[in-house]
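Novice: One structure, pasted below without further comment.
What follows is calculated from the coordinates using simple rules that are stated; it is not laboratory data. Everything numeric here is computed off the predicted structure, so don't read it as measured data. As a convention, Cβ positions derive from the backbone with ideal geometry for all residues, glycine included, and neighbour counts pool all protein chains shown.
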Amino acid sequence: MKKQLSTINYQLSTMRTIFVTGGAGFIGSAFIRLILEETSDFKIINFDALTYAGNLENLNGLDETRHKFIKGDICDKEAVLQSLPENSEAIFNFAAESHVDRSIASASEFVLTNVLGTQILLDAARAKNIRRFVQISTDETQGSLPEDSNSYFTENSPIQPNSPYAASKAAAEHFVRAAHETFDVDTITTRCGNNYGQRQFPEKLIPLMIANAMNDEPVPVYGDGRNVRDWIFVEDHARAIWLAYLKGKAGSSYNIGARNERQNIEVVKSILDALGKPHSLIKFVTDRLGHDRRYAIDARKVETELGWKPITTWEDGLQKTIRWYRENQDWVNQIRSGAYRDYYKNHYGMEVGAK
Ligand code: NAD
Ligand code: DAU
């Protein structure tokens, strides 16, 4: 992939600033690592509110001469305007409330951050003459696909979100579109499928299964376990976003996926096998309300227009991910104490974490 990035011509002489929101989270921090490692002329302002999902440890070891962290909320217009340098190259908006189950329990925070926060950033982009606005969206805005079919989400599929999380991300997409159509803001919207990799908060399927299994705790599978997700290694997603920024057409959207559909139960069994844990840890639990059955992405546009391809196979990616969680049990244990335990008990009706 280094090749894909280095073949693109850009001016090397001066440092250019990009403003990344939500960079202390899972995908934002992977994106920042990639840009710092694989380019030399961009510096990053990382603006993040450090909610329960944000973690400064995700930023350990970064080059501080090119990465500046600012704690701030994208719903705070003054803080955004103060932190965003005039004429920056781009805003990459990763900041979000990102977990579907939490949005089912309470949607207001999702409306605030995902909708209002995005609009505040769009206004700031205009006020500060920012060259490009990249909205990190999700395949979930396009709803659910039938099982056992050859249907896929394309850039032209209707926006028909089913969960409060997806509805808030869909609303944000509409505001991004409106900023482009009304004010000619140079926007790009990316829609990716399910990410996995290092530093993902263990409320999401893969890190949750790894963390529980490592501790010999039951791994909760919703419904019949046959819902399908289209999995992509986080670094591949980060590269696609960067290419969309560099090469994408203003006002366009790009669906990003690695052609890697799996049923949840298959994913869970692979994790247990890799950890040498018995399948008897699987506990089928009450299904998620409104649970989308299948996501699957047609990636032809990113592959042909941007020249992007995933470089990490599912097998390698899963192995790398499991290794990271095994080697970073302090990171996991720190999260699994305190508020996380209350969330878990409330949501699953079971105890986990530090005893
Ligand atoms: P995450 O929950 O791990 O991280 C979100 C980050 O945003 C955290 O660091 C948090 O502190 C920060 N944040 C939350 N509210 C904020 C606010 N009001 N102001 C500033 N910062 C705030 O999420 P993630 O999984 O890394 O997802 C990042 C983005 O990618 C989201 O926009 C999400 O919708 C999108 N996305 C995620 C996936 C996935 O599989 N995880 C797939 C496609 C798209
Ligand atoms: O598709 C992209 C989306 O992927 C992102 O936009 C979201 O931010 C991200 O959270 C993710 O949403 P999902 O709802 O698909 O991911 P989650 O990891 O929560 O669940 C994946 C599948 O696993 C889903 O079918 C529900 C199921 N699941 C999840 C959890 C947490 C279980 O069976 N048990 C669980 O405990």
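Novice: Which value, in debye to the nearest 20, gives the size of the charge dipole of segment 79-134 about its Cα centre, when Lys and Arg are +1 and Asp and Glu are -1 at the Cβ?
Specialist: Charge dipole of segment 79-134: 220 debye, to the nearest 20.
Novice: Same structure, new question: GNM, the chain, Cα, under 10 Å: largest mean-square fluctuation among E97, E89, E64?
Specialist: E64
Novice: Oh, and also: Using the count of nearby Cβ atoms within 10 Å as a rough guide to exposure, how do R239, R191, R102 rank from fewest to most?
Specialist: Going from sparsest to densest Cβ surroundings: R102, R191, R239.
Novice: Given +1 on the Cβ of Lys and Arg, -1 on the Cβ of Asp and Glu, and no further charges, what dipole in debye does segment 1-148 carry about its Cα centre, rounded to the nearest 20?
Specialist: Magnitude of the dipole: close to 720 debye.
Novice: Which one of N227, V115, I322 is farthest out on the positive end of the charge dipole of the chain, using unit charges on Cβ (Lys, Arg +1; Asp, Glu -1) and the Cα centre as origin?
Specialist: It is I322.
Novice: How much net charge surrounds S168 when only the other residues with a Cβ under 13 Å from the Cβ of S168 are counted, with Lys and Arg +1 and Asp and Glu -1?
Specialist: -2
Novice: Additional query: Please pull out the direction-averaged projected area of segment 189-282, using the convex hull of its alpha-carbon atoms, in nm² to one decimal place.
Specialist: 6.7
Novice: Then there's this: For the chain, take the convex hull of the Cα atoms, compute a quarter of its surface area, and give me that in nm², please.
Specialist: Values: hull surface 66.4 nm².
Quarter of the Cα hull surface area: 16.6 nm².
Novice: Can you give the % of DSSP beta bridges in the chain that are antiparallel, to the nearest 5?
Specialist: Expressed as a percentage, antiparallel bridges in the chain total about 5.
Novice: Let me know the Rg and Dmax you get for segment 19-139 when you use only its Cα atoms, in Å.
Specialist: 13.8, 43
Novice: I want the local charge near A53. Using Cβ-Cβ distances under 12 Å, sum +1 for each Lys or Arg and -1 for each Asp or Glu among the other residues.
Specialist: My count for the surroundings of A53 gives -1.
Novice: Mark the label point 7 Å from the Cα of T154 along Cα→Cβ and return the residues of segment 279-307 whose backbone N is within less than 19 Å of it.
Specialist: Zone members listed by number: 295-307.
Novice: Starting from the Cα gyration tensor of segment 87-237, multiply each eigenvalue by 5, take the square root, and state the resulting semi-axes largest first in whole Å.
Specialist: In descending order the semi-axes read 30, 18, 15 Å.
Novice: Continuing with this model, one more query. Quick one: net charge around R226, please, counting Lys, Arg +1 and Asp, Glu -1 for every other residue with C-beta under 14 Å from its C-beta.
Specialist: So the surrounding residues net to -1.
Novice: Can you bin segment 250-327 into rounded, prolate or oblate? Criterion: square roots of the alpha carbon gyration tensor eigenvalues sorted a ≥ b ≥ c, rounded for a/c under 1.5, prolate for a/b above b/c, oblate for the rest.
Specialist: Since a/c reaches 1.5 but b/c is at least a/b, the shape of segment 250-327 is classed as oblate.
Novice: Compare the Cα positions of F284, A299, I311 along the charge dipole of segment 253-311 (+1 at Cβ of Lys, Arg; -1 at Cβ of Asp, Glu; about the Cα centre) and return the one farthest towards the positive end.
Specialist: F284
Novice: Same structure again: Determine the alpha carbon to alpha carbon distance for each of K269/K320; K71/K320; K77/K128 and list only those over 19 Å. Can you show the working numbers first?
Specialist: Numbers: K269/K320 17 Å; K71/K320 30 Å; K77/K128 12 Å.
Correct reply: K71/K320.
Novice: Now, a different point. From the helices alone, meaning DSSP H stretches of at least four residues, give me the mean residue ellipticity at 222 nm for the chain, per-run term -39500 (n - 2.57), in deg cm²/dmol to the nearest 500.
Specialist: Helix-only estimate at 222 nm: -11000 deg cm²/dmol.
Novice: Also, I was wondering about something else. Please compute the alpha carbon radius of gyration of segment 219-355, then divide it by the globular-protein estimate 2.2 N^0.38 Å. Two decimals is fine. Don't jump to the answer; show the numbers that get you there.
Specialist: Numbers: Rg = 17.9 Å, N = 137, 2.2 N^0.38 = 14.3 Å.
It is 1.25.
Novice: When only Cα pairs under 8 Å and 6 or more residues apart are kept, what is the percent relative contact order across the chain?
Specialist: Computed over the chain, the figure is 16 percent.
Novice: Give me Rg over Rh for segment 95-156, both radii from the alpha carbons and Rh done the Kirkwood way, two decimal places.
Specialist: Across segment 95-156, the Cα-based Rg/Rh ratio is 1.09.
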